[in-house]
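The next block holds one structure in the form of structure tokens; read it before the comments.
Quick note: the coordinates plus some simple rules give every number you see, no bench work behind them. In this text, all values refer to a predicted model and were calculated from it rather than measured experimentally. In this analysis, Cβ positions are derived from the backbone assuming ideal geometry, glycine residues included, and neighbour counts consider all displayed protein chains.
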Amino acid sequence: MAVVLEAKNLEKRFKDFVAVNKINFKVKEGEVFGFLGPNGAGKTTTMKIIQCVSPKTSGDLKVFGLDVNEHPREIKQHMGVVPQMDNLDPDFSVIENLVQYSRYFDIPIEEAKKRANDLVNYVQLNDKKESSIDKLSGGMKRRLVLARAMINNPKLLILDEPTTGLDPQARHLIWEKLKDLSSRGITVILTTHYMEEAARLCDRIVIMDNGQILVEGTPKNLIKKYVGDHIIEAENTIEIKTCLEKNNIEYEVANESVEIYSENVPHITNLILKKCTSSSVTARPATLEDVFLKLTGRKLRE
Amino acid sequence: MFGLTYRFIKPWRRNMVTFIKTWKLNFIPPFLEPVLYLLALGFGLGGFIESVDGVPYANFIAPALVSISVMNASFFECTYTSFVRMYYLKTFDAMISTPISIEEVIAGELFWGATRSTIYATIMLPVLLIFGIIKMPSSLLIIPFAFLGGLLFSCIAMCFTALSPTIDTLNYPSFLFITPMFLFSGTFFPMDVLPLVVQYTALAILPLAHVVIISRELTLGVYSISLLASLIWILAATLIFFVISIKLMKKRLII
């Protein structure tokens, strides 16, 4: 499959601060590619370089085979952007926002009107067509921003935290739309703080921290590789910890509990219940969140 | 500067469309302001003043009123209003995600400021004509000239906007630059009553002084070499501030 985007040693510095530290990644046509990472990991900066609005400091970034510093217009012509903060135009109604935005892409007015109407339908805002932006809920605004990003029939869609702050209904609608767009062959790159979102939507993800890519792969493989199938949780007490150590079982401390990554759930649970005095032991399937916390640590990020 | 193509027309047009949407509100100031100033200053205060250099007082201040309107229309558009679009509404961010470049966004804002000045000057002319205090047809040249004057104030304003950390700090140029300029640019009294040093300083640094000189010669229909000198001053300053304002804005927004 064709490569839509390729970064080689991509670097971004702000004076002394390295926001993106020589990262490498490739996104193939039709893929849904996710960037995960704590706040300040460099995700948004990477998105802005891809969008050609923040110039890279060094390294290589090609989108559609074109260099981002040399050909921003050609790249932006075929790219749709959903920014982290909604930046709809409050001086215009819902439909006018789409038509106005289409002018920035030189789309002829008749065609623009047709596309705007189709898109309002697509994101289920038909009833709100003539509403002003202030009258929309957070979820409606997000849907409109998504519709706006589609006005130029992009080949590549960039979404920076598309569902942050949305209720479950609105979030599911956005997911549904993204899956649909992806099935039509549009390449999607997104950042998110929601592991469930990444696991559901993304064909491949990278986890970033401190400007670097820590790991890359499919959500499934990453879970398997870094955590295993299951996680057993027991209370975080000294007795249990010494007991686990005595039996040569590796564990991780997660605040109130200890976590044991294991392929053999019955064996470990039995062992804990029989040999260590524990009031509660739970087993659950491992998730992307476990991988994330294992790799980026539990320390709070500001 | 290399990112500047015909596309600057798009941000310009966006502003034009929103201006037309609220045209009733937008058309009040240029109608009302000259009438109020003329009644209070031209005919009220003017009753005590026989004439200035042989010109009736109302006729003397009429071109100054147009010039002040040209200044205010573009200066306040490209300071407070542009700041709101840039900082609060993120309109600029939305535009640069499309094939429009940051240079085009800023140039569109600057030309829009100039357009607003032109609209205001155009609306004021018939009012002044009804009062019979401007000469025709030379006064018609005020219309294209308002665009140039407006562009100059847009460019200066955009420099302040680019450097202003918050919207409140835009009050400094309003008080420290616009207000003194409003009073000391040969607007309500001729500059030659000021000490020579002040006169030269004013001519060197106050753009409004030059706009007033040209406007006055156009509305009175008497021309001198000053018109050419002021025109050259304005053209040069506009070019310089056009380049600087775009550079400063690019530095602020593209990081």
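Observations on the model:
- Dividing the C-alpha radius of gyration of the range A:3-223 by 2.2 N^0.38 Å, with N its residue count, gives 1.00.
- Nearest-0.05 FRET efficiency for B:Glu50 and A:Asp60, computed from C-beta distance (R0 56 Å): 0.15
- Put simply, when A:261-269, A:248-256, B:82-90, B:70-78 are sorted by average Cβ atoms within 10 angstrom per residue, most first, you get B:70-78, B:82-90, A:261-269, A:248-256.
- Pairwise Cα inverse-distance average, inverted: Kirkwood Rh of the range A:41-165 (Å): 15.2 Å
- With Cα atoms as the point set, the range A:229-285 shows a radius of gyration and Dmax of 9.8, 26 Å.
- Each other residue within a Cβ distance under 9 Å of A:Ile49 adds +1 if Lys or Arg and -1 if Asp or Glu, for a net charge of +3.
- Ordering of B:234-244, B:139-149 by packing [mean C-beta count within 10 Å, highest first]: B:139-149, B:234-244
- Among A:His78, A:His172, the order by Cβ neighbours within 10 angstrom, fewest to most, reads A:His172, A:His78.
- Working from label points 7 Å from Cα in the Cα-to-Cβ sense, the B:Ile143 to A:Glu74 distance is 4.4 nm.
- 10 Å Cβ neighbours from other chains, averaged over peptide A:143-152: 1
- For B:Lys21, net neighbour charge (Lys/Arg +1, Asp/Glu -1) across residues whose Cβ lies under 13 Å away: 0
- Secondary structure note: in the protein assembly as shown, about 65% of the DSSP beta bridges are antiparallel.
- Once the Cα atoms are used to define both axes, helix B:142-163 deviates from the longest principal axis of chain B by about 50 degrees.
- Length-normalised contact order for chain A - Cα pairs under 8 Å, 6+ apart - percent: 21 percent
- Taking the DSSP beta bridges with both ends in chain A, the antiparallel portion is around 65 percent.
- Number of Lys-Lys pairs in the range A:205-302 with C-alpha atoms under 20 Å apart and a separation of 8 or more places or on different chains: 8.
- The angle between the Cα long axis of helix B:57-76 and the main principal axis of chain B comes to about 10°, on a 0 to 90 degree scale.
- Reach of A:Lys114 by Cα under 29 Å, taken over lysines that are not fewer than 8 positions away in the same chain: A:Lys76, A:Lys128, A:Lys129, A:Lys135, A:Lys141, A:Lys155, A:Lys177, A:Lys179, B:Lys10, B:Lys21, B:Lys90
- For the segment B:96-109, counting C-beta atoms of other chains within 10 Å of every residue's C-beta and taking the mean gives 5.
- The GNM of chain A, with springs linking C-alpha atoms under 10 angstrom apart, assigns the highest mean-square fluctuation among A:Lys177, A:Lys48, A:Lys15 to A:Lys15.
- For the protein assembly as shown, the fraction of C-alpha pairs more than 34 angstrom apart is 53%.
- Springs between Cα atoms under 10 Å define the GNM used for chain A, and in it the highest mean-square fluctuation of A:Ser137, A:Ser182, A:Ser280 occurs at A:Ser280.
- Euclidean distance between Cα centres, the range A:37-95 to the range A:130-200, Å: 16 Å
- Inter-chain neighbour count for A:73-82: the average number of beta-carbon atoms from partner chains within 10 Å of each residue's beta-carbon is 3.
- Among B:36-46, A:202-212, sorting by the average number of other beta carbon atoms lying within 10 angstrom of each residue, highest first, gives A:202-212, B:36-46.
- Nonlocal amide H pairs with A:Gly37, under 5 Å, H built at 1.01 Å: A:Thr192, A:Met208
- Relative contact order (percent, whole number), chain B, Cα cutoff 8 Å, 6+ residue spacing: 26 percent
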